[in-house]
Amino acid sequence: MKKTTGLSHAHIQMVLQKIPFFRGFMPDERERLATEQDSFVVAQPKELIVLKGSMERSFYILLSGVVEVIDREGRKPIFELIPGDFFGEISFLSETPRTASVRAQDVCILMRIDQQLMSRLRSEMREKIKDQLIDKLVKRILSQG
């Protein structure tokens, strides 16, 4: 994946405003995130974003495009994620290997959140990010039970 080029600061802010993950963020907080140019990446069609078993410790928020989560054998998609969805949170939180592979179906713009970014953010912003992760995990647990 490459870092985004050609996306203006204003465009990134506009995209963040539309993504449900960032609804609880104040305008100045979205502005702060938009300044983190190194955290925005572009994946090309069929490009592998996450490889099952790898130890990378970041998670991704899909800002545009569609990605697919791949079956254990790495051949067939088992479900799709759309803008606003995020993935990779289990490895981010637990320091465990990736549980699935994810690849881009088309050109995708993603925000990559890792511990280095988290350390640069104010505590209120870190808490909002953690709240979103916890909310998703709780919903996942409740839907399985």
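What follows draws every value from the coordinates through simple rules; no lab data is involved. This one's a predicted model, so the numbers in the text were calculated from it and none came from an experiment.
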Could you list which residues have their amide H under 5 Å from that of Ser101, counting only those 5 or more apart in sequence or on another chain, with H placed in the peptide plane? Lys52, Ile70
17 Å Cα-Cα reach of Lys18 towards aspartates and glutamates, excluding residues that sit fewer than 8 places from it in its own chain: Asp28, Glu29, Glu31, Asp85
For the stretch 69-145 and the stretch 1-67, compute the distance between their C-alpha centroids and round to whole Å. 12 Å
Using θ = phi - 60° and the Karplus form 6.51 cos²θ - 1.76 cosθ + 1.60, what ³J(HN,Hα) does each residue of the stretch 115-132 get, whole Hz, x for Gly and Pro? 5, 5, 5, 4, 5, 8, 8, 5, 4, 4, 6, 4, 5, 5, 5, 4, 4, 5
Long-range HN-HN contacts of Glu47 with modeled amide H, under 5 Å: Ala104
Extension gain Asp106-Ser94, at 0.36 nm per residue separation less the Cα-Cα distance, in nm? 1.4 nm
Quick one: what are the phi-derived ³J(HN,Hα) couplings along the stretch 57-66, Karplus 6.51/-1.76/1.60 with θ = phi - 60°, whole Hz, x for glycine and proline? 10, 10, 10, 10, 10, 7, 9, 7, x, 10
Relative contact order of the stretch 2-144: what whole-number percent is it, with Cα pairs under 8 angstrom and at least 6 residues apart? 28 percent
